[in-house]
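S.K.: Before we start, here is the structure in question, set down as structure tokens.
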Amino acid sequence: MDGKTNDILRKYPKGSRDSLIPILQDIQDQDGYLSEQALVEVGRYLDLPSGKIYGLATFYNQFRFGPPGQHHVCLCHGTSCHVTGAGDVRKELEKKLRIKPGETTRDGKFSFELSACMGACHLSPLIRVNGRYHTGVKPGDVKEIMDSYIEGGEE
Amino acid sequence: METRTHIPVAKDYLKDSVLLNESVDLPSDVEKVLRFVRREKVKYPVVFVGTGSSGLISGAGETLDQVKRYLGDRDIKAEVVETGSTGYCTMEPVMEVQMPGKTRVAFRQVTGDKVPFLLDGVFNNMIPDVQVLGQHRNPSLEVWKDVPFIDELPFFSIQLRNLLRNWGRISPLSIEEYIATGGYRSYLKTIRSYTHDEVCDIVERSGLQGRGGGGFLTGKKWKVAHTVIADQRYLLCNADESDPGGFANRAMIESDPHRLIEGVMIAAYAIGTSKAFIYIRNDYNTAISRLEEAIRQARDYGLLGHDVFGSGFNIEIAVRKGPGAFVCGEETAMISSIEGKRGMPRPKPPYPAVSGLFGKPTVVNNVETLSNVPAIFENGPDWFRSIGSESARGTKVLVLSGRIVNQGIIEVPLGTVVKDIIFGAGEGIPGKKGFKAIQIGGPSGGFLTGENIDTPYDFESLEAEGVYMGSGGMVVLDEGCCIIDTVRYFMDFIQKESCGKCIPCREGTRRMLEVYENITRRPVDENGHTTLERFKGVMQLESLAEVIRDTSLCGLGQKAPNPVISSLRYFRNDYEEHIFDRKCSAGVCKELRLFRIDVDKCTGCTVCAPKCPVSAIIGTRHHPFFIVEDKCTGCGICYDVCKFSAISVI
């Protein structure tokens, strides 16, 4: 049994159904994703079928089931970003990274996600890469921004 | 240099002299101390940096570092304070400086590199002309010459800031400063001198309506939950603001978390519960950490916990992180999510106020609704009734974004005319393009056009125009935006976020999205009756929208067709243009675009031809090239690469 998952479970001694989501959130904060093994362990602890837990986790946008890439790219796709051209930026990102939102590149370098709104509409469209923000992004800038991470990652 | 976020005033002093003092006006010696806490009088210069999340994205973190470095390098005795956002997002990062004896002055767009220049100026009693935003009003201090007052700026002059009054002024991480602005006194007055029923009555009398979009009388809701006999009740605060383009609640928590907590406590007392949850979206990191810190401080002061200030009232507030589902903004879906299930709504009745979380009476209130509560008890229900219009009392917090000069968060009395908001506070549209529409209320809202922009902003007037207020988002569209594309975007969003429980919403929104995808792209295959199918879809759009509206289970589904119905009502021409002419005059719908090469301008440089993904460009070197219309997919790559502007959109 994975010791780290166990530590998290121990924080929820009651083991009731309503602690399921906080447990999954803690595991994802720690591991970056929900592994099959973790889901099975949580199921055993809460006495729930792991299929049911998987069903719940897939319902919510927060949970992911594979490790995130080395560089996690998040594009804001709120209404304001959309009217200022986030759709084109998205297409360009998909083309450049060759993945769709929610996926990770095969070499594990990049993962890509959409966010409903980051709360900085005055700087739209914007991308967040590993917590760093790139604002007022135009489709033409995408290549350069991504390349800067490829180079930075190899150093 | 000195950096502190807390003013060293003894906790017991604030408790005894301020919180437990029941008189309306505090004695002058106490008031003097509070003036010091509020920084109305300062001994040393104070530098404030707005570090809400929109400020941080604009670079406020770097600004803060530079300020600290500047003061440290020069060994200047000054205080650095982190505040929340001022709401004026376009001007961020905002830095404010208060010199001893002078009014507080604000600077706009202060990125890290501009800090030394600005601070050099202010510390030498000179305000640089550039980048000054304005000064705050304070009659007891000397004003800066030739510096406008902040409340005279168009962005602020239209506003009535009750909920937002502490924004950018006090540190959100300091309970002392919140108490010094009158905070937590309403709460203690409530639990010490009113009964549960009286609290519900006062709120009902004030006319406060739910700010989440429903517009139900808050006091009435509380009363229902309070009168149901149960051994446990719950209060839920909905901070799961997942609307694209809506971030007012987030900024409210980041800039003034104690106001929300005080509202939660009063509401919990009113319905007679000891357990409250704040359900906040998981990716609001700054807001979550500030909220948790504020709860910790309140507990430290004895405002939270067992037997608060000897009143016999017990209260605990738990923060639950919403794992990200738009539908969880619906109250029954949120309840399911807190219970550890998929966030799917349940049929109503029974209403949550009768049977909600774990089968117990539960009140679900929005962040903005609860933040309104402390002021009602501070100034009385009649004061609250006096603000706003006949049908809707109080103020509303709005998010201005899109193609508008001043973007940010504002608070206006309900009933303010939309035009005044857009062209007053927003100062109109940047650039030469004309105004087209305002999208109000996020994915479940609708459009206002130039014809009905004079509508007052309140629940009834907007509904008469087919628009729902929603969470207060206002996205301005100019002529460069395509309405059809915007509706398609909303349908795409709703279709993804539909929980899948009821068929009209799950299947219907997908069908609607398909119709929009069909009319925003060129026919794929003319042989397979695609044109006919396309027309069939469009013909059914209106009736499909009505079916979804009438038969969906929850608010998400019922309001999902709003953008469709609203756009069909006001923008029929745009639809016709897309359907019959297969043209998008705004040039947004990429697949409808066709390109043509201007023979006079083309030099035959051959840059475009190899770049074309469908080989639609033909020609020979040094002679003008030609685009084969039937092959062209309108991707626009050739348009972007042409150095001679020889390619144009038809």
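S.K.: Work out which trypsin sites (Lys or Arg not before Pro) in chain B are exposed loop sites (DSSP not H, G, I, E or B, at most 12 other Cβ within 10 Å) and give the longest gap free of them.
M.R.: Result, exposed sites excluded: B:146-431.
S.K.: Select from the range B:362-427 those chymotrypsin sites (Phe, Trp or Tyr not before Pro) which occupy a DSSP coil region and have at most 11 other Cβ atoms within 10 Å, ordered by residue number.
M.R.: none
S.K.: So, with +1 on the Cβ of K and R and -1 on the Cβ of D and E, and no other charges, what is the size of the charge dipole of the range B:484-581 about its Cα centre, to the nearest 20 debye?
M.R.: 400
S.K.: Continuing with the same structure: Just need log10 I(q)/I(0) for chain A at q = 0.13, 0.17, 0.19 Å⁻¹, Debye formula, equal scatterers on the alpha-carbon atoms, no solvent, rounded to two decimals.
M.R.: For chain A at q = 0.13, 0.17, 0.19 Å⁻¹, log10 I(q)/I(0) is -0.69, -0.95, -1.06.
S.K.: Here are some pairs, A:K11/B:K321; B:K536/B:K590; B:K321/B:K501; A:K143/B:K601; B:K43/B:K102; which of them have Cα atoms lying more than 18 Å apart in this structure?
M.R.: B:K536/B:K590; B:K321/B:K501; A:K143/B:K601
S.K.: Each label point is 7 Å from the Cα along the Cα-to-Cβ direction; what then is the distance between the points at B:K611 and A:K143, in nm?
M.R.: 0.8
S.K.: Turning to a different aspect of this structure: Work out from phi, with θ = phi - 60° and the Karplus expression 6.51 cos²θ - 1.76 cosθ + 1.60, the ³J(HN,Hα) of each residue of the range B:325-330, listed in order in whole Hz, and give x for Gly and Pro.
M.R.: 8, 4, 5, 5, x, 6
S.K.: Now for a separate question. Once fully extended, how much extra length lies between B:S585 and B:F535, figured as 0.36 nm per residue of separation less the alpha-carbon to alpha-carbon distance?
M.R.: 16.0 nm
S.K.: Starting from the Kirkwood radius over alpha-carbon pairs of chain B, derive D by Stokes-Einstein at 20 °C in a medium of 1.002 mPa s and give it in µm² s⁻¹.
M.R.: Taking Rh from Cα pairs, D becomes 79 µm²/s.
S.K.: A follow-up question, please. Within a 10 angstrom radius of the beta carbon, how do B:V405, B:V24 rank from fewest other beta carbons to most?
M.R.: Starting with the residue having the fewest Cβ neighbours, the order is B:V24, B:V405.
S.K.: Just grab the label-to-label distance for B:T195 and B:I650, each label 7 Å out from Cα along the Cβ direction, in nm (one decimal).
M.R.: For the pair B:T195/B:I650, the computed spacing is 7.9 nm.
S.K.: Return the whole-Å distance between the Cα centroid of the range B:555-630 and the Cα centroid of the range B:139-193.
M.R.: That distance is 51 Å.
S.K.: Can I ask one more? Taking 0.36 nm per residue of separation and subtracting the Cα-Cα distance, what length does fully extending B:K348 through B:Y44 add?
M.R.: Here the segment from B:K348 to B:Y44 would lengthen by 103.6 nm.
S.K.: Could you work out the longest stretch of chain B that avoids the GluC sites (Glu not before Pro) located in DSSP loops with at most 12 other Cβ atoms within 10 Å?
M.R.: B:23-389
S.K.: Give, to the nearest whole percent, the P(r) tail of the protein assembly as shown beyond 50 angstrom, counting all Cα pairs.
M.R.: The proportion of pairs with Cα distances above 50 Å equals 18 percent.
S.K.: Something else about it: I'm checking a number: the convex hull volume of the Cα atoms of the range A:3-59, normalised per residue, in Å³. What is it?
M.R.: 71
S.K.: Calculate the FRET efficiency for B:R296 and B:D12 from the Cβ-Cβ distance with a Förster distance of 30 Å, rounded to the nearest 0.05.
M.R.: Computed FRET efficiency for B:R296 and B:D12 comes out at 0.95.
S.K.: Now a separate question. Using only the alpha-carbon atoms of the range B:80-193, report the extent along each of the three principal axes, biggest first, to the nearest angstrom.
M.R.: So the extents along the principal axes, rounded to whole Å, are 53, 29, 29.
S.K.: As an exercise, take the mean of 1/r over every pair of distinct alpha carbons in the range B:317-441, invert it, and state the Kirkwood radius in angstroms.
M.R.: 17.8
S.K.: Pop out the ³J(HN,Hα) list for the range B:543-557 in order, Karplus 6.51 cos²θ - 1.76 cosθ + 1.60 with θ = phi - 60°, rounded to Hz; leave Gly and Pro as x.
M.R.: So the Karplus estimates, Gly and Pro as x, are 5, 4, 4, 5, 5, 4, 4, 7, 10, 6, 6, 10, x, 4, x Hz.
S.K.: For the range B:376-418, list residues with backbone N below 16 Å from a point placed 7 Å from the Cα of B:D454 toward its Cβ?
M.R.: Counting only backbone N, you get B:416-418.
S.K.: Looking at the range A:71-154 only, what percent of DSSP beta bridges run antiparallel? Nearest 5 please.
M.R.: 55
S.K.: Also, I was wondering about something else. Quick one: work out the % antiparallel among DSSP beta bridges in the range B:2-157, nearest 5.
M.R.: 55
S.K.: Can I ask one more? Report the calculated FRET efficiency for A:E151 and B:F309 (r = Cβ-Cβ distance, R0 = 45 Å), to the nearest 0.05.
M.R.: 0.15
S.K.: Give me the aspartates and glutamates in straight-line cross-link reach of B:K32: C-alpha distance below 13 Å, same-chain residues under 8 apart excluded.
M.R.: B:E40
S.K.: Per DSSP H run of at least 4 residues, take -39500 (n - 2.57); add these up for chain B, divide by its residues and hand me the 222 nm value, nearest 500 deg cm²/dmol.
M.R.: Mean residue ellipticity at 222 nm (helix-derived): -10500 deg cm²/dmol.
S.K.: Something else: Could you tell me the largest-minus-smallest coordinate of the C-alpha atoms of the range A:53-115 on each of the three principal axes, in descending order and whole angstroms?
M.R.: 38, 27, 14 Å, listed from the longest principal axis down.
S.K.: Here is a follow-up. Quick query: amide H of B:I387 versus all other amide H atoms, modeled in the peptide plane; which residues come in under 5 Å with a sequence gap of 5 or more or a different chain?
M.R.: When sequence neighbours closer than 5 places are left aside, the close amide H contacts are B:G394.
S.K.: Please express the shape of the range B:19-164 as an equivalent ellipsoid: the semi-axes are the square roots of 5 times the eigenvalues of the C-alpha gyration tensor, given largest first in whole angstrom.
M.R.: After scaling each eigenvalue by five and taking roots: 25, 19, 16 Å.
S.K.: May I ask for log10 I(q)/I(0) of the range B:593-649 at q = 0.12, 0.24 Å⁻¹, from a Debye sum over the Cα atoms as equal point scatterers with solvent left out?
M.R.: Taken in order of the listed q values, log10 I(q)/I(0) reads -0.20, -0.88.
S.K.: Same structure, new question: Write down the radius of gyration of the range B:224-349 and its Dmax, each obtained from C-alpha positions, in Å.
M.R.: Cα-based Rg and Dmax for the range B:224-349 come out at 14.9, 44 Å.
S.K.: If each Cα of the range B:395-481 is one equal point scatterer, what is log10 of I(q)/I(0) from the Debye formula at q = 0.12, 0.13, 0.16 Å⁻¹?
M.R.: -0.28, -0.34, -0.52
S.K.: Over all distinct Cα pairs, what is the inverse of the mean 1/r for the range B:425-568, reported as the Kirkwood hydrodynamic radius in Å?
M.R.: After inverting the pairwise mean of 1/r, the radius is 16.1 Å.
S.K.: Suppose the chain between B:I503 and B:V319 were pulled fully straight at 0.36 nm per residue; how much longer would it get relative to their current alpha carbon spacing?
M.R.: Length gained, B:I503 through B:V319: 62.9 nm.
S.K.: Taking H as built 1.01 Å from N, whose amide H comes closer than 5 Å to the amide H of B:G322, not counting residues under 5 places away?
M.R.: Counting only residues 5 or more places away or on other chains, the set is B:I280, B:R281, B:N282.
S.K.: Moving on to the next point. Can you give the % of DSSP beta bridges in chain B that are antiparallel, to the nearest 5?
M.R.: In chain B, DSSP labels about 55 percent of beta bridges as antiparallel.
S.K.: List the residues whose amide H sits under 5 Å from the amide H of B:R346, counting only those 5 or more places along or on another chain, with H placed 1.01 Å from N in the peptide plane.
M.R.: B:T332, B:A333
S.K.: What percent of all Cα-Cα pairs in the range A:72-155 falls into each 5 Å bin, going from 0 up to the bin containing the maximum distance?
M.R.: 3, 16, 29, 28, 16, 6, 2, 0
S.K.: Another question, then. Per 5 Å bin from zero, what fraction in whole % of the C-alpha pairs of the range B:276-378 is there, up to the bin with the longest pair?
M.R.: That works out to 3, 11, 17, 20, 21, 16, 9, 3, 0, in percent per bin.
S.K.: Note down the net charge around B:S274, summing +1 for each Lys or Arg and -1 for each Asp or Glu among other residues with Cβ under 15 Å from its Cβ.
M.R.: Residues close to B:S274 contribute a combined charge of +1.
S.K.: What is the Å³ per residue value for the convex hull set by the Cα atoms of the range B:342-391?
M.R.: 140
S.K.: Here is a further query. Need one number: nm distance between label points at B:D600 and B:L26, each 7 Å from Cα along Cα→Cβ, rounded to one decimal.
M.R.: Going by the 7 Å Cα→Cβ label model, 7.5 nm.
S.K.: If one computes P(r) from the Cα atoms of the range B:484-581, what percent of pairs lie at distances over 24 Å?
M.R.: In whole percent, the long-distance tail amounts to 20.
Throughout, read-outs are computed from the coordinates displayed, never taken from laboratory work. Small disclaimer: the values here were computed from a predicted structure and weren't measured. We place every Cβ from the backbone using ideal geometry, glycine too, and count neighbours over all the protein chains shown.
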